[in-house]
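A.B. asks: Structure in structure tokens, see below.
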Amino acid sequence: MEGSALWQGSVLAGILFWLLSSSYLNLTLKLRSFLQPFVTHYVQTGTPILLQIQSYKAGFFDILFSGLSCVVSVPFYTAFLPLLFWSGHGQLARQMTLLMAFCDYIGNCIKDVVSAPRPASPPVRRVTSTKDEEENALEYGLPSSHTLNTVCLSGYLLHYVLTHAQIQGAYVNYFGVSLACLFVALVGLGRIYLGMHSLIDVVAGLFIGLGILGFWLTVDEYIDSFVVSGQNVTTFGAALSFLLLFAYPTPEFPTPSFEFHTAFNGVALGIVSGVQQTYTQFHHAGVPQLFSELTIPVFMGRMLLGIPTIIIVKFCSKTLAKWTIPVVANTLGIPIKSTTYIPTFNGAKTGEKSKAFDVDTGIRFLQYAGLAWSVVDLVPSIFSYMNL
């Protein structure tokens, strides 16, 4: 117990020290002044390469690469991960969720530190076929989050499958690695073809993703053991999530990157706290899994019941947060503002807006934490009650 509290306190103190020291030394601006001109130069000089790739314009390629971008986007993973939990593959689902949150944090921090532009459009043709892609285009370029996430998540999925598969052999490993490499290559090429990233963005996403994946494969078992059976898990998770909301660089100009980080930060906390409370009931290694003890009709029933439930919980969490956070802030005398969720606070009456707390951050964090908690706690409880 004492050893657990010691390392948890050390981690939190280390993050707090980094937050204060980096702010005092103004590290973000210093790093940006060094990295931004270098990256911007390669983005600009790499435009002819993009135009050459885009010269092979075809409707088939537009559909293919736009589809791949959707498949590896954050909204897709947000929808896919609950199904992974409900299919009985709890360990894989936990690791994929936490890895996704880690990738999102590291990738978006680097984006906003460097604050390097995306390829200029025009002359580059930018294809944004979905609202999600339109929001992505508002972010900075380096690194390519799609490439980074694909390397990490497909790499970890491959590792998990090869580790747990009943079929073993060199040819299986070769096929799996080849398939993962092809998938990563297509996603990276697609980001260039769609005009969303330059070559240096994709290369950076590739190498940063490989670094994160290598790190995660060395700590994944320790993290999972802590989540399911550690001490002070929820308390530590809440404190860590709170600090990570502040341990984030200020971009040169505002982008949606911090919003994406806030959402997945909330998801990670909701998953960790929910699993910690209900592991022995719903998420242990002996639960029925899809294609074995869990039949397809039962899994379909879980989806039909679970998806509407988590949507309702997300709406209720958002509504509750919109009401409670301003009340608490006003009670404590904290000036607040809101640019999205509460229009009445987007004005002069909020006080000095530059020093005001943006309640949108708290609202977004809590609504996604509530959604994630319902995926691993509330919804499985309903499944148990309904014998699903």
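A.B. asks: Take segment 31-69 and flag every residue that is out of contact with any helix residue (DSSP H, G or I) (no Cβ under 7 Å at 6 or more places or on another chain) and among the basic types (Lys, Arg). First the steps, then the outcome.
C.D. replies: Let us first name the residues in segment 31-69 that are out of contact with any helix residue (DSSP H, G or I) (no Cβ under 7 Å at 6 or more places or on another chain), namely 33-34, 37-38, 40-41, 44-45, 47-48, 51-52, 55-60, 62-64, 66-67.
Across segment 31-69, the qualifying residue is only Lys57.
A.B. asks: Considering each residue of segment 178-221, count those that are touching a residue at least 24 places away in the same chain (Cβ under 8 Å) and of a type in the set (Asp, Glu), and give that number. So that I can check it myself, show each step before the final result.
C.D. replies: Of the residues in segment 178-221, the ones touching a residue at least 24 places away in the same chain (Cβ under 8 Å) are 180, 183-184, 186-202, 204-206, 208-210, 212-213, 216-217, 220.
Among the residues that remain, those that are also of a type in the set (Asp, Glu) are: 201, 220.
Residues meeting the conditions: 2.
A.B. asks: Here's another thing I want to ask about it. Which one is farthest from the chain's Cα centre (by Cα) among residues in segment 372-388 that are β-branched (Val, Ile, Thr) and surrounded by 20 or more Cβ atoms within 10 Å (Cβ to Cβ)? Before the answer, list the steps.
C.D. replies: Keep residues of segment 372-388 that are β-branched (Val, Ile, Thr), which gives 375-376, 379, 382.
Narrowing the set further to residues that are surrounded by 20 or more Cβ atoms within 10 Å (Cβ to Cβ) leaves 375-376, 379.
Values: Val375: 16, Val376: 17, Val379: 22 Å.
Applying the filter and picking the extreme gives Val379.
A.B. asks: For segment 355-364, state whether one or more residues are under 17 Å from Thr262 (Cβ atoms), at pLDDT below 90 and open to solvent by 30 Å² or more (accessible area, probe 1.4 Å).
C.D. replies: yes
A.B. asks: Follow-up. State all residues of segment 241-297 that are of a type in the set (A, V, I, L, M, F, W, C) and more than 30 Å from Glu135 (Cα to Cα); if no residue qualifies, say none.
C.D. replies: Hits for segment 241-297 are Val275, Phe282, Ala285, Val287, Leu290, Phe291, Leu294, Ile296.
A.B. asks: On to the next question. Quick one: what pairs do we get from segment 45-60, first residue closer than 11 Å to Tyr193 by Cβ, second among the charged types (D, E, K, R) and surrounded by 10 or more Cβ atoms within 10 Å (Cβ to Cβ), C-beta under 8 Å, 6+ apart or different chains?
C.D. replies: Going by the 8 Å Cβ cut-off, the qualifying pairs are Gln54/Arg125; Lys57/Arg125.
A.B. asks: If you scan segment 50-78, which residues turn out to be outside any helix (DSSP H, G or I) and open to solvent by 30 Å² or more (accessible area, probe 1.4 Å)? Give the steps one after another, and end with the answer.
C.D. replies: Filtering segment 50-78 down to residues outside any helix (DSSP H, G or I) leaves 55-58, 72-73.
Within segment 50-78, Ser55, Tyr56, Lys57, Ala58 qualify.
A.B. asks: From the list Phe260, Phe207, pick out the single residue that is at pLDDT 90 or above and either in contact with a Gly (Cβ under 8 Å, 6 or more places away or on another chain) or open to solvent by 10 Å² or more (accessible area, probe 1.4 Å) (or both). Spell out the reasoning first.
C.D. replies: Numbers: Phe260 fails: at pLDDT 90 or above.
The unique qualifying residue is Phe207.
A.B. asks: Can you name the residue in segment 264-300 that is of a type in the set (Gly, Ala, Ser) and open to solvent by 20 Å² or more (accessible area, probe 1.4 Å) and, of all such residues, is farthest from Asp360 (Cα to Cα)?
C.D. replies: Narrowing segment 264-300 to residues of a type in the set (Gly, Ala, Ser): 266, 268, 270, 273-274, 285-286, 292.
From the residues that got through so far, the ones that are open to solvent by 20 Å² or more (accessible area, probe 1.4 Å) too are 273, 285-286, 292.
Numbers: Ser273: 22, Ala285: 38, Gly286: 40, Ser292: 43 Å.
Taking the candidates together, the pick is Ser292.
A.B. asks: Considering only residues that are part of a loop (DSSP other than H, G, I, E, B), farther than 30 Å from Ser23 by Cβ and touching a Pro at 6+ places or on another chain (Cβ under 8 Å), which ones fall in segment 95-154?
C.D. replies: If the condition is that a residue be part of a loop (DSSP other than H, G, I, E, B), farther than 30 Å from Ser23 by Cβ and touching a Pro at 6+ places or on another chain (Cβ under 8 Å), then Arg126 is the only one that fits.
A.B. asks: Got at least one residue in segment 92-108 being modelled with pLDDT of 90 or more, more than 14 Å from the chain's Cα centre (by Cα) and open to solvent by less than 50 Å² (accessible area, probe 1.4 Å)?
C.D. replies: Yes, segment 92-108 contains at least one residue that is modelled with pLDDT of 90 or more, more than 14 Å from the chain's Cα centre (by Cα) and open to solvent by less than 50 Å² (accessible area, probe 1.4 Å).
A.B. asks: Can you find a residue in segment 181-200 that is β-branched (Val, Ile, Thr) and either open to solvent by 60 Å² or more (accessible area, probe 1.4 Å) or at pLDDT below 90 (or both)? Full working, then the answer.
C.D. replies: Pass one, segment 181-200, residues β-branched (Val, Ile, Thr): 184, 187, 192, 200.
Applying the additional criterion that residues be either open to solvent by 60 Å² or more (accessible area, probe 1.4 Å) or at pLDDT below 90 (or both) yields none.
The answer is no, given that none of the residues of segment 181-200 is β-branched (Val, Ile, Thr) and either open to solvent by 60 Å² or more (accessible area, probe 1.4 Å) or at pLDDT below 90 (or both).
A.B. asks: Also: Regarding Tyr248, is this residue of a type in the set (Ser, Thr, Tyr) and in a helix (DSSP H, G or I)? Give the derivation first.
C.D. replies: Values: of a type in the set (Ser, Thr, Tyr): yes; in a helix (DSSP H, G or I): no.
No: the conditions fail for Tyr248.
The values are calculated or read from the model by the stated rules, or taken from the named source; none is laboratory data. Only a predicted model underlies this, so the values are computations on that prediction, with no experimental measurement involved. Methodologically, a virtual Cβ is constructed for each residue, glycine included, from the backbone with ideal geometry; neighbour enumeration extends over all protein chains shown. Ligands, DNA and RNA are stripped out before the accessible areas are found, and what is left, the full protein with its side chains, is counted by its heavy atoms. Shrake-Rupley method; radii C 1.70, N 1.55, O 1.52, S 1.80 Å.
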